[in-house]
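Notes to accompany the following structure.
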């Protein structure tokens, strides 16, 4: 079983750099970016709309004995600071691009954002195969649809490690499927998806040495021994920390000789990295 307090402590002190990832969520205003993130983190939905300036979340996983740190940057749809937007892209390892199926304008913005991500990553020796999911939200408004899933798939058919999906944050429909696709595209453990791990609260404590299995867990979950906890004190890293993270990402990518090799061999990432990389820990932010 997993001890949530141990998870948080280990994440701050011992999480290896190869297990630290940042998901950046981008899209127009009012498409439901924050609603999707909240559904993913705690299964909740807020009816009242509050414009997001920028929200930062951190989730810690313990999967098959390894600790992973997932940082989520939920960005503003208004893009008031282009330089900060560029920095957010540079620090991102994979991306969730959200549009509303009842807004062609928001879909066109996602197309622009995807190209911006590719151009920005290329400028810093980033891989051409940037993992991302294109998510059409608000399937609950199907009668007002302006963008079909087939249209989205055609628009992004040339992208490697890019998949298109639809969901509804309001109805809690296909949230798990979207995040499964995200983690699959990013070559991360499938147990990071909401339905594949036990969720524990930061205010509670579980005996790590207990030999009993958590009641209600499926056999698959018990075997994988996967759990996750939302870090209660997560805060947006400083500008200096973000710049250091960009440098860390570049160093990590330099272990791959070219983009095609990265595309083909990422599944061996955990064992193919050099010894010095394995000894790096996540930046304390």
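The values are calculated or read from the model by the stated rules, or taken from the named source; none is laboratory data. Since this is a predicted model, take the numbers as computed values, not measurements. Glycine also receives a Cβ, built like all others from the backbone with ideal geometry; neighbour counts cover every protein chain displayed.
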Checklist line | Members of the stretch 31-44 found to be at pLDDT 95 or above and part of a loop (DSSP other than H, G, I, E, B), listed by number | finding: 31, 32
Check: Is it the case that residue 77 is over 19 Å from residue 22 (Cα atoms) and part of a loop (DSSP other than H, G, I, E, B)?
Finding: no
Next item on the list: Enumerate the pairs (first residue in the stretch 29-47 and farther than 20 Å from residue 106 by Cβ; second residue anywhere and in a loop (DSSP other than H, G, I, E, B) and at pLDDT 95 or above) with beta-carbon separation below 8 Å, excluding pairs fewer than 6 apart on the same chain, so at least 6 apart or on different chains.
Entry: 43/172
Next item on the list: Scan the stretch 83-131 for residues that are part of a helix (DSSP H, G or I) and farther than 15 Å from residue 31 by Cα and report the count.
Entry: 20
Next item on the list: Could you grab me the full set of residues in the stretch 93-147 that are more than 30 Å from residue 20 (Cβ to Cβ), buried (at least 19 other Cβ atoms within 10 Å of the Cβ) and touching a strand residue (DSSP E or B) at 6+ places or on another chain (Cβ under 9 Å)?
Entry: 100, 101, 106, 107, 138, 139, 147
